[in-house]
Amino acid sequence: MTTGTQRGRTALLTGITGQDGSFLAELLLERGYEVVGVIRESPDAPLGAAEHLRTQVELVVADLLDPERISRLPAEVGPDEIYHLAAPSFVPESWEHPARTMAAIAVATAALLEGVRRDRPDARVFLAASAAMFGDAPETPQHEQTSCRPRNPYAVAKLAAHQLAVRMREREDLFACSGILYNHESERRPVSFLPRKITHAAAAIKLGRAHEVALGALDSVRDWSFAGDIVRGAWLTLQQDLPDDYILASGVGHTVAELADVAFACVGLDAGEYIRVDPALVRLAETMPLVGDPTRARERLGWEPTLGFEALIERMVEADLRALSKGD
């Protein structure tokens, strides 16, 4: 296993403009990599969460819905490591556009792996898989061998991409790994995602800019981690002697109500006084909570989270307070 600085190595990142991509790009730059980020629009367009890294990374344009273009990236960039993070990530939208979801996730992954096999077979590939693949899981917590029963087009597409990576690793001897990622958050997450919606609401209510927040089922359970810890696990995955798949999760489940209680307590408020349950936001709950067992990652990668649940929520609330106070 290799760790430390990686001077002279090149990493290709899809999804660099998102939460995970920006944290991973920071980590790689700190370790001496040349970072090449894949963006969908012109290099002059905003870089989202990675805007502050604009002058430190190289950018290439490619759309997940253009498999021919995606398959040429390994030859064009010549990376030592590839982190395939990009995917449509707002699960409810996958029901509106199932074909596009399959194309952007499963087909794009197939195109990238095809390009690696053809043009850069020695490159190491990390694929961001998802705990959503487990769906109606037969057990909790889930581990790497737990049966998958996906419940929406997004999860089906993620499972297809994951299984293809496993098969190509076995048949083609590619160093292709999946990180099965559970919910992971930060202040860089869009407000459309539940944890950030809650922390933003707590800050806005504290500052008198809102009066309530509408949520769905408060008893839903999720396994939430800090995004910075998750991408460190992704990097560690590609530093091993042999490729494998790893669950990256905290191993602890928390309800939406617990998250809200922590967030509002950070600003000295009682969450129960400001939450309105909207039946339209209540979705069918899983038969088993999606909580991951990170034992393999901890034992083989030496991976440990640096930020616990309460500290993560406090970090997000404080960031929202600062942003709202400045008028952002």
### Degrees, to the nearest 10: 309-325 long Cα axis against longest axis of the chain
80
## Note on the structure
Computed over the range 23-70, the relative contact order (Cα-Cα under 8 Å, seq sep at least six) in percent reads 38
### Task
Let me have the relative contact order for the chain, percent, based on Cα pairs under 8 Å that are six or more residues apart.
17
### Task
Compute from the Cα atoms of the range 220-328 the Rg and the Dmax, the latter being the longest Cα-Cα distance, and quote both in angstrom.
17.0, 53
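Any chance you could list the semi-axes, whole Å, largest first, of the equivalent ellipsoid that the Cα gyration tensor gives for the range 243-288, using √(5λ)? Please report the intermediate quantities before stating the final value.
On the way: eigenvalues 160, 65, 12 Å².
After diagonalising the Cα gyration tensor, the semi-axes are 28, 18, 8 Å.
Kindly work out what percent of the DSSP beta bridges joining two residues of the chain are antiparallel, to the nearest 5.
Details: 2 of 37 bridges.
Within the chain, antiparallel bridges account for around 5 percent of the total.
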### Query
Could you list, bin by bin from short to long, the percent of Cα-Cα pairs of the range 214-274 in 5 Å steps?
4, 15, 18, 16, 15, 11, 8, 7, 4, 2, 0
### Task
Quick one: compute the contact order of the range 185-280, relative version, from alpha carbon pairs under 8 angstrom and 6+ residues apart, as a percent.
38
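Evaluate 2.2 N^0.38 Å with N set to the residue count of the chain, then give the Cα radius of gyration divided by it.
Dividing the Cα radius of gyration by 2.2 N^0.38 Å gives 0.98.
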### Task
With runs of 4+ DSSP H residues as the only contributors, calculate the mean residue ellipticity of the chain at 222 nm using -39,500 (n - 2.57) per run, divided by the residue total and rounded to the nearest 500.
-11000 deg cm²/dmol
### Binned Cα-Cα distances of the range 1-116, short to long, each 5 Å bin given as a whole percent
2, 12, 22, 22, 20, 13, 6, 2, 1
## Note on the structure
Treating every alpha carbon of the range 91-231 as one equal point scatterer without solvent, the Debye formula yields log10 I(q)/I(0) values at q = 0.15, 0.21 Å⁻¹ of -0.88, -1.36
#### Entry: Loop-resident sites, the range 185-255, for trypsin sites (Lys or Arg not before Pro), counting at most 16 other Cβ within 10 Å (DSSP)
R209
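In the range 13-106, which chymotrypsin sites (Phe, Trp or Tyr not before Pro) fall in coil by DSSP and have 14 or fewer other Cβ atoms within 10 Å? Present the calculation step by step, with values, prior to reporting the outcome.
On the way: sites: F23, Y33, Y83, F90, W95; in loops: Y33, F90.
Those satisfying the criteria are F90.
Tell me, Kirkwood radius of the range 140-188 from alpha-carbon pair distances, in Å? The partial results should precede the final answer.
Details: mean 1/r = 0.0793 Å⁻¹.
Its Kirkwood hydrodynamic radius stands at 12.6 Å.
Can you list which of the trypsin sites (Lys or Arg not before Pro) found in the range 4-78 are DSSP loop residues with at most 11 other C-beta atoms within 10 Å? Walk me through the numbers on the way to the answer.
Details: sites: R7, R9, R31, R40, R54, R69, R72; in loops: R7, R9, R31, R40.
Answer in residue order: R7.
Once you list every other residue whose beta carbon is under 14 Å from the beta carbon of F23, what net charge do they have if Lys and Arg are +1 and Asp and Glu are -1? Each step should come with its number before you reach the end.
Values: positive: R31, R188, R189, R232, R315; negative: D20, E26, E30, E51, E185, E187, D229.
Here the count lands on -2.
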#### Entry: Percent breakdown of C-alpha pair distances by 10 Å bin, ordered from the shortest bin, for the range 77-135
20, 48, 24, 8
### Query
Three principal axis extents, largest first, for the C-alpha atoms of the range 265-328, in Å?
44, 34, 22
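Where a number appears in this text, it was derived from the coordinates with a stated rule and is not lab data. Remember, predicted model here, so these are calculated numbers, not experimental data. Counting neighbours? That spans all protein chains shown, and the Cβs are built from the backbone with ideal geometry, glycine included.
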